[in-house]
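Since the structure comes first, as C-alpha cells, the remarks are kept for the end.
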Amino acid sequence: MKNSPHMENLMHEIRKMPIFRQLVPQEAGIGWPIPLRKAGNVYVILPFFGLAHSKAESQTVLYPPFATLTVNWVNWVPVEYINLRFRNPLPQGDWEAQVGTFPHAAIASLSVGQYRERRNELLVMYDALMEALVHDNALAPEWEASFCSLLRLLMEPLLEPYYRALGPKFFDRFLPSVSATLPSQ
C-alpha cells in the first residue's frame, strides 16, 4: 500500500494480525478510527461492523459495530479487544439489527472515485491528528474545521450513536452537533 495514509495501512494490516483472524470475521467492515490518549500514550480504537452487499439494490446493509480492537498507534501492538455484544456501551441501542445502508444520503451522489478521494483525504487527516496527539501539538482551527466537515460528510448517520458510545470525547469534539438518533425499535 505505497503512499497510502498510515491509518489506511494500519486498517489493511490489522486484517493480517492473528487476533483479528481469530476473533473477527474476514468480511467485517472496519469503521472510522477513534483516537485515544491514555497514560501518556496514543492509541486508536478500530470498530468492526457487520455488512451485507446487495447488488440488486446497489447498496450495502450496515449493522452496528460488534467489536473493537485498540492498538498502540506508535507500534501497532494490539492492547485491547472488546466484544460489544458482551460489554454493551449503549444499552438503549440494538447492537444486532440492521441500522442503515451505504451509501447514505450525504454521499449518494458521489462517484466511487469521489468517495475514495474524500475517504483518503480523511485518513490523511487522521494521520495528522494522530501525530499531533503523539507530539502533543495543537491543531489549527481551520484544520479542525476541515476534519470535522469531512468526518460529518463520511460518517454513516445511523451508526453515529454507536460511534459516540465508543468514543464520546472524540466525537463530542469533532462531531459537536448530535444529529443522529437511534433507529426505531
Counted residues, region 25-46 - those being closer than 21 Å to residue 100 by Cα, open to solvent by less than 20 Å² (accessible area, probe 1.4 Å) and touching a Phe, Trp or Tyr at 6+ places or on another chain (Cβ under 8 Å): 6
Answer from 114, 98, 92 - the residue that is without any contact (Cβ under 8 Å) to a residue 24 or more places away in the chain and either within 23 Å of residue 175 (Cβ to Cβ) or assigned to a strand (DSSP E or B) (or both): 114
Lone unmet requirement of (1) surrounded by fewer than 17 Cβ atoms within 10 Å (Cβ to Cβ); (2) assigned to a strand (DSSP E or B) for residue 49: (1)
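The values are calculated or read from the model by the stated rules, or taken from the named source; none is laboratory data. Since we're looking at a predicted model, the values are computed, not measured. For neighbour counting, all protein chains shown are included, and Cβ atoms are generated from backbone atoms with ideal geometry for every residue, glycine included. For the accessible areas, the whole protein counts, side chains as well, though only heavy atoms, and no ligand, DNA or RNA atoms are used. Shrake-Rupley method; radii C 1.70, N 1.55, O 1.52, S 1.80 Å.
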